[in-house]
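Before any comments, here is the structure.
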Amino acid sequence: MALFPCSRLPSDFMKGKRLSAISIPSMSLSEVEKRGPAVSVKGLPIKTPWGAPLVWGDSESSARRREEFGNHNVHIGLAILAVGKYNHFLHRLIYTAELHFLLNFYVTYYILTDRPRELDPSPMLGPTRELKVVPVAEMPGWDKLGLRRMALLAAIIGDRIHSEMDYVFCIDADQEFSNAVGAEILGKLTATLHPEFYGKPRYNYPYEEDPDSMAFVADGEGDYYYTSEFYGGLCSEVLALTRACSLLILQDQERSVIPELLEESYLNRYLVNCRPSTVLSPEYSWWDSPETPEVPTPRIHSIGRQCLSTGNVKGDIYAC
């Protein structure tokens, strides 16, 4: 079901920008659509069926990727939406990002928040790091937040981030970085495997099953199930993703259709049509649960999911 064309990066899109001198490995649409068996090394898959890298942080390919970007003047935005009780997590997320996230790169934290004073005193940042606050209205209720986030991200990426950054990554506020996350994550369009469905058969994936929803995924479609807690890529690609998903959400809302997993359902619908050029392993979205696999090195830890797995409800955020 092709709901929209995948965005393609125009050859002159980056003209005059910092990335114009950087060779970025990317795949054309025809190459991405070619399928074959996934490639594994020492029991860990390192390539998807369409040939995109499946990233483990300590692999040889990740080391080469970090070396490749080591001398480039790359600017990366980290977009964080924190409204209501989720402001509670901001300081921990930023503190751990300063310890582990793309060190030695230029990083700007874009904080979309309804409570700017929660950031007082301002977190201590390294010399190549910056924090920008973007005021947004409060959105009570997890469902309202889940259905508004794509539109808010599309707006800030389109209005500001794409003219200031080379890459942008979107992360849930209730996360923390626990080990090094480096240039191995940089790709044209990067998605992260949902740890609870990693390694499981496709019929276990919680794709949207309501055929009336624009997020509907039919039997036989889809390769992996991705989490909405961490994804990113070139600003142009993430802008295309967030705009497309926000449009699908609006179309469903006009008909009072709400998918079970909110924005994550639309994200997965988009990635069925537009396969990512880089897929991150569950190291980059992990929590301790009987449903999550053991991974070599957990790198991003979901505090909110951990609360759920230990019996706390998502709304009781201060218990986490």
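The values are calculated or read from the model by the stated rules, or taken from the named source; none is laboratory data. Quick caveat: nothing in here was measured; it's all calculated off a predicted structure. Here the Cβ is made from the backbone with ideal geometry for all residues, glycine too, and neighbour counts use every protein chain on show. In case anyone asks, the SASA skips ligands and DNA or RNA and just uses the protein heavy atoms, side chains included. Shrake-Rupley method; radii C 1.70, N 1.55, O 1.52, S 1.80 Å.
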Considering only DSSP states other than H, G, I, E and B, which chymotrypsin sites (Phe, Trp or Tyr not before Pro) in the range 40-140 qualify as loop sites with at most 14 other Cβ atoms within 10 Å?
-> none
Here the convex hull volume per residue of the range 62-213, taken over Cα atoms and given in Å³, is 148
Leaving ligands, DNA and RNA out of it, report the carbon-plus-sulfur percent of the accessible area of the range 165-218 at a 1.4 Å probe.
-> 50
Mind checking the full-extension length gain between Asn71 and Met124? Use 0.36 nm per residue of separation minus the Cα-Cα distance, one decimal, nm.
-> 16.6 nm
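Counting other Cβ atoms within 10 Å, which GluC sites (Glu not before Pro) in the range 95-141 have at most 16 and lie in a DSSP loop?
Details: sites: Glu98, Glu118, Glu130, Glu138; in loops: Glu138.
Filter output for the range 95-141: Glu138.
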Any idea how far apart Glu260 and Arg117 come out in nm if each label point goes 7 Å out from Cα toward Cβ?
-> 4.2
Ser178 and Gln251 label points (each 7 Å along its Cα→Cβ direction) are spaced in nm at 3.9
In terms of the alpha carbon gyration tensor, root eigenvalues a ≥ b ≥ c, rounded if a/c is under 1.5 and otherwise prolate when a/b exceeds b/c or oblate, the range 198-251 is oblate
Can you give the FRET efficiency for Val133 and Ala63, using 1/(1 + (r/R0)^6), R0 = 35 Å, r = Cβ-Cβ distance, to the nearest 0.05?
-> 0.50
Would you kindly derive the ³J(HN,Hα) couplings of the range 218-228 from the backbone phi angles with the Karplus curve 6.51 cos²θ - 1.76 cosθ + 1.60 (θ = phi - 60°), listing them in order in whole Hz, with x for Gly and Pro?
-> 7, 4, x, 8, x, 10, 9, 10, 9, 8, 8
Built amide H within the under 5 Å cut-off of Val55, gap 5+ | Val279, Leu280, Ser281
